[in-house]
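To keep things clear, I will list the structure first and then write my remarks on it.
Nothing in this text is a laboratory measurement; each read-out follows from the coordinates by a stated rule. Keep in mind that what you see is a predicted model, and the values were worked out from it rather than measured. Ideal geometry is used to build each Cβ from the backbone, glycine not excepted, and the neighbour counts take in all protein chains shown.
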Amino acid sequence: MKNIAILPTLLTLGNGVCGFAAIAYASKIGPHSESGEIDHYFVVSACLILAAMVFDVLDGYAARLSKTASEFGGQLDSLCDAISFGVAPAFVLLRLGMDWMQPLVRQAVALIAALYVVCAVLRLARFNMENTSLLSSSATGGEKAAASPKRFKGLPSPAAAGCVISLAILRSTHSGIPPETLAALVRLWAPLGALTAALLMVSRVPYPHITKQILRGRRSFSVLVQVVLALFLIALVPSFACFLLFWGYTLSGLLRHVLYRTLRSKSPLTELGPNREPSIRP
């Protein structure tokens, strides 16, 4: 094995350590824990997974900036992602399942959590398989090969993890809304939302590469407006920001894909051949 890039590797390992710490904090939530302790552990676990996302962005950026992208780094990144964005959010979902008193519902939540882990691992394995040539080429230092795709095939695992932990943050911060209302919302949406995120990870629904749009080169004015609005939302309603941003990204991608497929099926241009994409002209 060739020499290893120190800084990108340390950042990737920081991702995995944050995921492990999130599991450790969530494991402190028990049936006899006080309400304040439960809220604290949920928020800390969620923040650690958010920190893992920051490390996940920085390690790839550091590898591309230093031209040290390699197959070893890609495989290590997927292993750490499986911990931080697969196992950790699924464990948080299990702890959210403690809010249900019915044993059958708890078992259903446990099955959904297991399915979530499976889908996250399958998505990462598929990504590695489809990018084998990309990773092999990037090991030679080619800038074009090291470039990440413009769109993901399927919901990225960090975004799926964000959808789950946003519910834990929403449950624990309250923000002036009656706790009963928030508890009912989380109980209703947590299993359905986690199941939706799990299935979207292994789907072929295209999702934009947000970090690439923001960090690389010059972008359109609309991208700047979107970033400013997101920062304003975080400053205005921090407890709801994660829920709105992550679920907005997830559901908007799904809605956009459904609308595109619907319009394409109704367009007469699709009769010209399978390789022709419909276009709308004035």
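The table below gives the values:
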| quantity | calculated |
| --- | --- |
| For region 245-262, Karplus couplings with θ = phi - 60° (6.51, -1.76, 1.60), whole Hz, Gly/Pro x | 5, 5, 6, x, 4, 5, 6, 5, x, 5, 5, 5, 5, 5, 5, 5, 5, 5 |
| Order of Arg95, Arg151 under a 10 Å beta carbon neighbour criterion, fewest first | Arg151, Arg95 |
| Burial ordering of Glu37, Glu71, fewest other beta-carbon atoms within 10 Å first | Glu37, Glu71 |
| Along principal axes, Cα extents of region 6-217, largest first, whole Å | 55, 31, 27 |
| About the Cα centre, charge dipole magnitude for region 6-217 (Lys/Arg +1, Asp/Glu -1 at Cβ), debye | 680 debye |
| Count of lysine pairs in region 6-217 with Cα separation under 22 Å (8 or more residues apart, or interchain) | 7 |
| Neighbour-count order for Ser265, Ser27, fewest beta carbons within 10 angstrom listed first | Ser265, Ser27 |
